[in-house]
Every structure is written in C-alpha cells, then in structure tokens.
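Every number here is computed from the coordinates shown, using simple stated rules; none is lab data. In this text the structure is predicted, and so the values were computed from the model without any measurement. We place every Cβ from the backbone using ideal geometry, glycine too, and count neighbours over all the protein chains shown.
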Amino acid sequence: MDDDAPDSSLSSLWSKAEEARLSIETTGNALDPTYCEALQQVISQHTILQSHISSLSLFSPNESLEDLTTESLRYMLCPAHLASLTMRTPASSPRERKEVLGQARSHYEAFLSLLGAYGLLRDEPYVAGAPSHRKLLRIYQESPTGFSVAGASGGDPNAKRNAKLANYRAEKELKERLQYLRGHPAYVAGVAGTGPTDEDMVRKVYLAQTEMAAHEAFHALEGVNMEMQILAMAPDPDARHAGTRAAERGGQEDERSRRRIGGGGGLGDMEAGFSERLDQPLRDFSAANKAPLLSTSGKPLRPFTLVGSRQDIAKGVFRPGHNLPTMGIDEYLEEEKRRGGIIEGGGEASYARPEPDEDDMEKADEETYKARAWDEFTEANPKGAGNTLNRG
C-alpha cells in the first residue's frame, strides 16, 4: 500500500497540472490582467510535478522502452509542457525575454534527450523528404543556436522549400494519427470508464503524444533561435537610459560652467564671451579683417581673394543683391522669334479654307485625276489583300 502512495500522489499532481494547462491554453487571454498570475501558477504546478518525477527516478538511462510502464509514459511530456508554458511568459524587456527563451530551450533539450535515451526518436522520416527526428536531434546538438528544421536539407532554396512542405505533411499525418487513436472505441471506453481499459491502446496514444510533442519541440527550438537573432539586434534599454542620464549630467555641467564663466548667467554670459548664437558677431568679423594676411615667413594666415585693384572691390559694394535685366520684354520676344522659339499660326484661322474657284478648269481637272487615281488604286488593292499573315 505504501508503494502505491507516491504513484497515486504523482497521478493526482499530473491530473491537476494537465487540467490547468489545458484551461490556460484554450481559454487564457494574454491581455487579461490575471493571465500572468494564472500562468505562473500553472508553471509552478508543472515544476513541482517535474521535481516529483525526478525524486522518484521514474526514468533511468539503464532502462529501455519495454521496461517502462504505460502509466509512466505520459510523464515524459512534463518537460515539453513546461517549455511550452514558459514560452508564453510575458516579458517587459529584451533581456527578460532572452531569459525566458533560455529556460524554454533547457526544458526542450531535456525532453528531447529523454526521448533519445529511450529510443523514441525515429530514424525513418514520417513522410518522404522530411528529416527524421533522430537526424534533427543530431543537427541540433552540433549547432544549437543555428538550428533550423528546414536547414537540415542543406543550403539549396528549393530543397528548403520541399523540406518545409514535407514537414507540414508529417505534422498533418501525426495529428491525424493521434486523433484517430484518441477516437478509438477501446481508448474512449477506458477513459470514460464505460468499459475495460485497453492498455495496449493507451500505450499507443501516449507514444503518439510523445512523437507529436517531439515534432513540435524541434519547430519551437527553431523559433527560439529566430527570436534570439531578433532580440540580439534590439537596443539595450539599460544602456539607452544610461546614455540619457550621462547626457543630462553633461548638460548640467555645461550649464554650471557657463554660469561660472558669466558670473551666474544673464548678462555675465555675454560679458564672458558666451553666446547661444551660431553666427559670429560683427565684431569678430571686423577683428578678423584687421588681422594680417601673411606671416613673416609668407604663410597665409586667413583666406583672401586676389583682385585687380581697389576699384573692383568698390564697384561691388553698392549694388543690388540680384542680377539686373539686360534687355526689355520686346527685345526678348524679338530674339526668341528670331531663334524660332515662338510658334505662329493655329487657332480658328487654321480651319478656314479658301472657296474653290469654279472657273479654274485646271484645278478642277487636277482634283478629278487625283480622285480617279485613288479609285483605281483601291480597286486594284482591296482592303486586306496584302495581309496574308492575318496581322491586324
């Protein structure tokens, strides 16, 4: 009786944890203020359940799959459920999200290692073109942070696309198989208590659940790596706040230094030579103009422009700030007309045609011959006669 007590307690913990997990996964709303608290309670229940499983040593590397009881198979899913729940944990900063992803990665790794130890990761793919679970585990162990389910097929884009389609078909097949086993009358009767429990059918359901969970775990690890890459490019809010505080301190020190120079601000700043203006005062220009152009050794000390004489500079002092016109409007139009820039004609005058002169027999004969020539041409070349290729 004492030997059955721990198993009964573990079964009770499992039932409560599963009920809470299904409730929060189906009806939980992340926008609900109580969602985070409820999620932490479910995670705590699964953590306690996992600690009980470890303390009872239900799984040992010295055992095989045949040595495990049917009841113990379902407890293999605890790390996978714990990882899935951890992924749902809200985070307020990239650093917190990285910690959440790291915890979820550890749970997924523990789950896949457990399945690999008992030989529950198949060597054969579920559908053609999809990598097997054992191959995916080997690829993940070689490069955990660069793991990708589609990347197992190589770097060819077409191969990656085909691998994604194959993985989708494999997932669909696993779901349909699990749904079929759960709907089997022998399993339904045992769960509902309306008939005897078929242990073989229950064992098949548990094994199908572990296969489906392994498939989801590999895709979740790929999602963890993708999210980690995005978070690595996100700016650190702590560093940004530190930079803001440093800038504020620097601004305060500049203000204090200006006040010390100017004697407390106000007019003292101007007297000390400090100004918020970006342009130079006129007195600086006048002082610069009085400075020598060349040093004693002939080196230029400030920019200057060579001119012919002082009269050239004087001519440019009192003059408009814009270019003055060099010709009048009429002159400009005449010049444009000469260059051909003005189009003449058009308007209603272009539609006016002279009245034909009935006494001009030569003109009438010319029009008659022209019309007769056109009629002969149209008779000799009917419409479409030359379009032998039916091109329109």
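Annotations for the structure displayed:
- Residues 181, 306, arranged from fewest to most other Cβ atoms within 10 angstrom of their Cβ, appear as 306, 181.
- With bins 5 Å wide beginning at 0, the percent of Cα pairs of the range 40-153 falling in each bin runs 2, 10, 17, 19, 19, 16, 11, 4, 1, 0.
- Cβ-defined net charge surrounding residue 24, 15 Å radius [Lys, Arg +1; Asp, Glu -1]: -2
- Segment residue 307-residue 47, extension gain: residue separation times 0.36 nm, minus the distance between their alpha carbons: 84.7 nm
- Neighbour-count ranking [beta-carbon atoms within 10 angstrom, fewest first] of 164, 383, 337: 383, 337, 164
- Sorted peptide list for 313-322, 83-92, criterion being average Cβ within 10 angstrom, highest first: 83-92, 313-322
- Karplus-derived 3J(HN,Hα), 6.51/-1.76/1.60, for each residue of the range 31-37, Hz, glycine and proline x: 7, 6, x, 8, 5, 4, 5
- Volume per residue of the C-alpha convex hull in the range 98-217, rounded to whole Å³: 120
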